[in-house]
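Let me begin by presenting the structure, written as C-alpha cells, before commenting on it.
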Amino acid sequence: NRNVPVFILINQYSDLALLKKIEPWLPVTLRPGAGVDFEAQLSMAEGVERNPLFYSSDPASLKEWDALPPVLIPNLRADARPESQVLAFVKLNNKVLPNPLIVSRNFGFKRSLAIIAGDIWKWKLKAKKEKLFDDFLFSSAKWLGAVKDKKRFSVRTNKRFYSRNEQV
C-alpha cells in the first residue's frame with residue numbers, strides 16, 4: 001500500500017541517497033546543501049494557528065513555539081512541494097529564512113510530515129509549557145492516521161435489519 005502516512009525527522013545523520021528513494025512520499029524535495037550544519041530556532045508560519053497539528057485549547061501556546069531553544073539544521077536544501085504546507089521556517093539571528101523546518105503534506109490519500117532538524121529533544125526538555133511538544137506529537141499522530149474517505153460519524157447496531165417503526 002503506497003498510502004501509508006509518513007512522519008520523518010531529517011537531521012544531520014540522514015543519508016541523502018536513501019532519502020531520495022522515499023522522496024515521492026515526503027512533503028519536501030531534497031538536495032545537497034552548500035554550507036555546514038548550523039543551529040537555529042523556528043519561526044511559525046502565518047495561519048498555522050488553524051492547522052490541526054498545532055491545535056491547543058490555549059491560544060497563547062502558539063507563541064511558545066517561537067521561544068523554543070535552537071536545534072541543529074542539517075546541511076541539506078529542502079524545498080516544500082507545491083501541495084505541501086510549511087508550518088515553520090528556520091530563524092537565524094532573529095531573521096526568518098525561507099528554509100522550511102516543519103512541513104506537512106496532504107495530497108490525495110497520502111499524508112506526510114517532516115521535521116528538518118536535529119536535536120529536537122531540546123524542545124521537549126526546555127519548553128516553558130510542559131506539554132507543548134507532547135501535544136504536537138499527539139496531534140501529528142492523529143492527523144497522520146486520519147482517513148479522508150471515512151465518515152466522521154458511524155452507528156453500530158445490535159441487529160442487521162429493523163422493521164419499520166421499530167425502535168433502534
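Numbers at a glance
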| read-out | value |
| --- | --- |
| Residues that are open to solvent by 100 Å² or more (accessible area, probe 1.4 Å), at pLDDT 75 or above and part of a loop (DSSP other than H, G, I, E, B), drawn from region 130-160 | 130, 131, 158 |
| Pair list, Cβ under 8 Å, 6 or more apart: region 74-88 residue under 12 Å from residue 112 (Cα atoms), other residue part of a strand (DSSP E or B) and basic (Lys, Arg) | 81/105; 83/105; 84/105; 85/105 |
| Failed condition for residue 50, given (1) at pLDDT 85 or above; (2) within 19 Å of the chain's Cα centre (by Cα); (3) closer than 26 Å to residue 94 by Cα | (1) |
| Boolean, residue 66 is at pLDDT 90 or above and acidic (Asp, Glu) | no |
| Candidate set: region 1-21, residues that are surrounded by 11 or more Cβ atoms within 10 Å (Cβ to Cβ), over 18 Å from the mean Cα position of the chain (by Cα) and not basic (Lys, Arg); chosen: the one nearest to residue 72 (Cα to Cα) | 12 |
| Evaluation of residue 63 against (1) of a type in the set (Lys, Arg); (2) within 23 Å of residue 92 (Cα to Cα); (3) over 19 Å from the mean Cα position of the chain (by Cα) (one fails), failing number | (3) |
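The values are calculated or read from the model by the stated rules, or taken from the named source; none is laboratory data. None of these values were measured; they are calculated from a predicted model. Note that each Cβ is placed from the backbone with ideal geometry, even for glycine, and that neighbours are counted across all protein chains shown. Please note that ligands, DNA and RNA were not included when accessible areas were found on the heavy atoms of the full protein model with its side chains. Shrake-Rupley method; radii C 1.70, N 1.55, O 1.52, S 1.80 Å.
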